[in-house]
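Novice: Below is one structure. I have some questions about it.
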There are 2 protein chains.
Amino acid sequence: MTDHVSVREVGLRDGLQLVSTILPTKTKLEWCQEQAAAGFREIEVTSFVPPSILPQFSDAAEVLSGALAIDGLLASTLVPNLKGAVRAMDAGARKITFVLSASEAHNQSNVRRSTDESLAMFREVMEERASRNLVDEIQIAGVIAKSFGCSLQGSVSESRVCEIANLMAGYGADEINVADTVGYANPVQVERLLQKVDSVTGAVPIAAHFHDTRGMGLANVAAGVRVGVRRFDASLGGLGGCPFAPGATGNIATEDCVYLLESIGLSTGIDMQALLEVREKLNNWLTDERLEGRLSKVGVAKTFS
Amino acid sequence: MTDHVSVREVGLRDGLQLVSTILPTKTKLEWCQEQAAAGFREIEVTSFVPPSILPQFSDAAEVLSGALAIDGLLASTLVPNLKGAVRAMDAGARKITFVLSASEAHNQSNVRRSTDESLAMFREVMEERASRNLVDEIQIAGVIAKSFGCSLQGSVSESRVCEIANLMAGYGADEINVADTVGYANPVQVERLLQKVDSVTGAVPIAAHFHDTRGMGLANVAAGVRVGVRRFDASLGGLGGCPFAPGATGNIATEDCVYLLESIGLSTGIDMQALLEVREKLNNWLTDERLEGRLSKVGVAKTFS
């Protein structure tokens, strides 16, 4: 098993999605630039959703275009449907993360269609890519939200998550992202479900996306590592929050996640000091937002190298 | 391996030790009472240190006396030296946690003697108990602070931690508490060191004490569980902070710790709802302190039972 682990920054998408401050395009690109310089190889830079729903991302094409120009950076972008995927491809996307929910209730609430309908749409996105002859140029990841439970419908069946993962892999997904956007996952469940998913996705790599809503985010990362997952999403300063509970914590903080991974002997390729400097800048870019994360308050341990 | 796990509340000692608000004795006892009613079987209620050093604990004997009267509660108390142990025994203590540091630098800084001298003193405490014919009436735990590294001296040798644990067990310790009070531990290190300690302490149970200073507190609890540890310290609302970094997080939050343990299928005997109600009261008891913990902001998951 490799000791390299990839941390994908999602603060510019999952983080900014939930804050009220509209960050200028220039600042978004400065953020991308700085974090790429700190060693990040992939950043989810924006979301191709209707600007009427999320004004934060009305500059999606511009941000993507700017991020594509950053040397060595894979700029990924989230899409919730075919229309978003088409816009992303038109804008030159090299990696698209298509999100659907394993929870019927959440999928209906989020995109007003059934999970099966979203799966069919995922297939159409793959066909769109093929029709453009861009199969080798654009990676497409399938994100399975609410894989560990849903705040609307409660429990989500693990066999359903595996079924979705299996279908997405069969359609040609380049990555399956198993996501817990409500902080419902616990370490034992993470080990169990990620192993099950791995058994149905063959060679397709698995990524995991955890929120720290109930404090278990990093424990879940450690659990994912134990069963061989080597791709994790995180948000600088834990930016993001939770739409259902004001003041609650959102994504795991990137700096704490990288610190955990490096501490247990894995290699992220990220310069910890440079990362903490970008984290410091985030305070200035988002003066009205409450940021989370432990490491930024205290710095690395004397024993850390 | 048992599925019962014991969570010891240390907020009244480790938490209050670092806050500026002096909590009235009556409130301390109300806190003990409420948390015992929520299912806690052990609470570290105070510390027998010189009141000139920690005025917060000038009511140590009174608090201990009140806590001893709470039905079903084991009221433990911390001591840093023989004098404190004598005071605790005089006050009727049933469990004493004697703390020393595996870091020479920290032990010198904390109690102005070498770790070996503290070990010799631990032996004197055991003899004091024996001379009072109270071996079966008073439990004595040995706490090994800075077991995972020290903010003063840096790394701490694992063989030294094991040596100390082995000696304390040989002297008759009823529990060995492996402590990380600076948030230096990571999950891989936790598994490794706790297994090593377990191999030298024979039948003496191991407890673990983690701080969340760098975000890994609960990941470390999960790691401890995996290698069989079934006793954990935690502080309500993560009360405590860090003396070396203003604003930094201290102990892991009791409510988040209990929630993790129950989520992964262990039984704490604690009523989650009742615990969250005590947590709510803590906001009123300590209006000037910044409390931590995730769960109190958002509540349990819909899937939690």
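Novice: Could you please let me know if B:Leu282 is touching a strand residue (DSSP E or B) at 6+ places or on another chain (Cβ under 9 Å) and under 23 Å from B:Gln33 (Cβ atoms)?
Specialist: Criteria not met by B:Leu282.
Novice: On the basis of being over 18 Å from A:Thr181 (Cα atoms), modelled with pLDDT of 95 or more and buried (at least 18 other Cβ atoms within 10 Å of the Cβ), does A:Leu23 make the cut?
Specialist: So A:Leu23 fits the description; yes.
Novice: Looking at region A:205-218, which of its residues are surrounded by fewer than 24 Cβ atoms within 10 Å (Cβ to Cβ) and in a strand (DSSP E or B)?
Specialist: If the condition is that a residue be surrounded by fewer than 24 Cβ atoms within 10 Å (Cβ to Cβ) and in a strand (DSSP E or B), then A:Ile206, A:Ala207 are the ones that fit.
Novice: Residue check, A:Ser235 against (1) in contact (Cβ under 8 Å) with a residue 12 or more places away in the chain; (2) of a type outside the set (Phe, Trp, Tyr); (3) more than 7 Å from chain B (Cβ to nearest Cβ); (4) more than 22 Å from A:Val298 (Cβ to Cβ), all met but one. Which one?
Specialist: A:Ser235 satisfies every listed condition except (4).
Novice: Moving on. Is at least one residue of region A:211-218 within 23 Å of A:Ile264 (Cβ to Cβ), more than 14 Å from chain B (Cβ to nearest Cβ), in contact (Cβ under 8 Å) with a residue 12 or more places away in the chain and of a type outside the set (A, V, I, L, M)?
Specialist: Scanning region A:211-218 turns up no residue that is within 23 Å of A:Ile264 (Cβ to Cβ), more than 14 Å from chain B (Cβ to nearest Cβ), in contact (Cβ under 8 Å) with a residue 12 or more places away in the chain and of a type outside the set (A, V, I, L, M).
Novice: Which one of the conditions (1) within 13 Å of chain A (Cβ to nearest Cβ); (2) small (Gly, Ala, Ser); (3) assigned to a helix (DSSP H, G or I) does B:Ala248 fail to meet, given that it meets all the rest?
Specialist: Going through (1) within 13 Å of chain A (Cβ to nearest Cβ); (2) small (Gly, Ala, Ser); (3) assigned to a helix (DSSP H, G or I) one by one, B:Ala248 breaks only (3).
Novice: Next question, about the same structure. What number of residues in region B:42-58 are farther than 15 Å from B:Trp31 by Cα and not in a helix (DSSP H, G or I)?
Specialist: Qualifying residue count for the region: 9.
Novice: Continuing with this model, one more query. Here is a list of conditions, (1) touching a strand residue (DSSP E or B) at 6+ places or on another chain (Cβ under 6 Å); (2) more than 23 Å from B:Ile164 (Cα to Cα), and B:Val99 meets all of them except one; can you say which number that is?
Specialist: Condition not satisfied by B:Val99: (2).
Novice: State the number of residues belonging to region A:251-291 that are more than 13 Å from every other protein chain (Cβ to nearest Cβ) and outside any helix (DSSP H, G or I).
Specialist: Total meeting the criteria: 9.
Novice: Starting from residues that are among the aliphatic types (A, V, I, L, M) and not in a strand (DSSP E or B), keep the ones in region A:170-194 and report whichever is nearest to the other protein chains (Cβ to nearest Cβ).
Specialist: Among those residues, the one meeting the criterion is A:Val188.
Novice: Ok, one more. Only one of B:Val221, B:Val225, B:Val197 is on the phi < 0 side of the Ramachandran plot, at the interface with another protein chain (Cβ under 8 Å from one of its Cβ atoms) and assigned to a helix (DSSP H, G or I); which?
Specialist: Answer to the check: B:Val221.
Novice: Somewhere in region A:147-169, is a residue more than 11 Å from chain B (Cβ to nearest Cβ), at pLDDT below 95, farther than 17 Å from A:Thr249 by Cα and touching a helix residue (DSSP H, G or I) at 6+ places or on another chain (Cβ under 7 Å)?
Specialist: The answer is no, given that none of the residues of region A:147-169 is more than 11 Å from chain B (Cβ to nearest Cβ), at pLDDT below 95, farther than 17 Å from A:Thr249 by Cα and touching a helix residue (DSSP H, G or I) at 6+ places or on another chain (Cβ under 7 Å).
Novice: Let me ask you something else. Could you count how many residues in region A:118-137 are within 19 Å of A:Val49 (Cα to Cα) and either basic (Lys, Arg) or touching a helix residue (DSSP H, G or I) at 6+ places or on another chain (Cβ under 8 Å) (or both)?
Specialist: Summing the residues that are within 19 Å of A:Val49 (Cα to Cα) and either basic (Lys, Arg) or touching a helix residue (DSSP H, G or I) at 6+ places or on another chain (Cβ under 8 Å) (or both) in region A:118-137 gives 9.
Novice: Given (1) at pLDDT 95 or above; (2) outside any helix (DSSP H, G or I); (3) in contact with an Asp or Glu (Cβ under 9 Å, 6 or more places away or on another chain); (4) not acidic (Asp, Glu), where does A:Gly240 come up short, assuming only one miss?
Specialist: Just one mismatch for A:Gly240, condition (1).
Novice: Please state which of the following conditions B:Phe98 fails to meet, knowing it meets all the rest: (1) surrounded by fewer than 17 Cβ atoms within 10 Å (Cβ to Cβ); (2) closer than 30 Å to B:Ser155 by Cβ.
Specialist: (1)
Novice: Tell me the residue from B:Gly250, B:Gly240, B:Gly228, B:Gly202 that is touching a residue at least 60 places away in the same chain (Cβ under 8 Å) and surrounded by fewer than 24 Cβ atoms within 10 Å (Cβ to Cβ), please.
Specialist: B:Gly228
Novice: Looking at region B:9-33, which of its residues are among the hydrophobic types (A, V, I, L, M, F, W, C) and part of a helix (DSSP H, G or I)?
Specialist: B:Leu12, B:Leu16, B:Leu18, B:Leu29, B:Trp31, B:Cys32, listed by residue number.
Novice: Residues of region B:135-160 being surrounded by fewer than 22 Cβ atoms within 10 Å (Cβ to Cβ), within 25 Å of B:Glu42 (Cα to Cα) and in contact (Cβ under 8 Å) with a residue 12 or more places away in the chain, which ones?
Specialist: B:Val135, B:Glu137, B:Ile138, B:Gln139
Novice: Any idea how many residues of region A:69-109 are under 20 Å from A:Gly149 (Cα atoms) and in a loop (DSSP other than H, G, I, E, B)?
Specialist: Residues meeting the conditions: 3.
Novice: Follow-up question, since we're still on this one. Is it the case that some residue within region A:116-134 is away from chain B (no Cβ under 14 Å), crowded, with 23+ Cβ neighbours inside 10 Å and either of a type in the set (Asp, Glu) or touching an Asp or Glu at 6+ places or on another chain (Cβ under 7 Å) (or both)?
Specialist: no
Novice: Suppose we filter region A:1-20 for residues that are among the hydroxyl-bearing types (Ser, Thr, Tyr) and either within 15 Å of A:Glu289 (Cα to Cα) or in contact with a helix residue (DSSP H, G or I) (Cβ under 9 Å, 6 or more places away or on another chain) (or both); how many remain?
Specialist: 1
Novice: Let me ask something additional. Can you pull out every residue in region A:292-305 that is assigned to a helix (DSSP H, G or I), at the interface with another protein chain (Cβ under 8 Å from one of its Cβ atoms) and within 15 Å of A:Cys257 (Cβ to Cβ)?
Specialist: Hit for region A:292-305 is A:Leu295, nothing else.
Novice: Let me ask something additional. Only one of (1) among the hydrophobic types (A, V, I, L, M, F, W, C); (2) assigned to a helix (DSSP H, G or I); (3) touching a Ser or Thr at 6+ places or on another chain (Cβ under 9 Å); (4) under 24 Å from A:Ser6 (Cα atoms) fails for A:Ala36. Which number is that?
Specialist: In the conditions (1) among the hydrophobic types (A, V, I, L, M, F, W, C); (2) assigned to a helix (DSSP H, G or I); (3) touching a Ser or Thr at 6+ places or on another chain (Cβ under 9 Å); (4) under 24 Å from A:Ser6 (Cα atoms), A:Ala36 misses (3) alone.
The values are calculated or read from the model by the stated rules, or taken from the named source; none is laboratory data. Being a predicted model, the structure only gives us computed values, none of them experimental. Quick reminder, even Gly has a Cβ in these numbers, built from the backbone with ideal geometry, and neighbours come from all protein chains shown.
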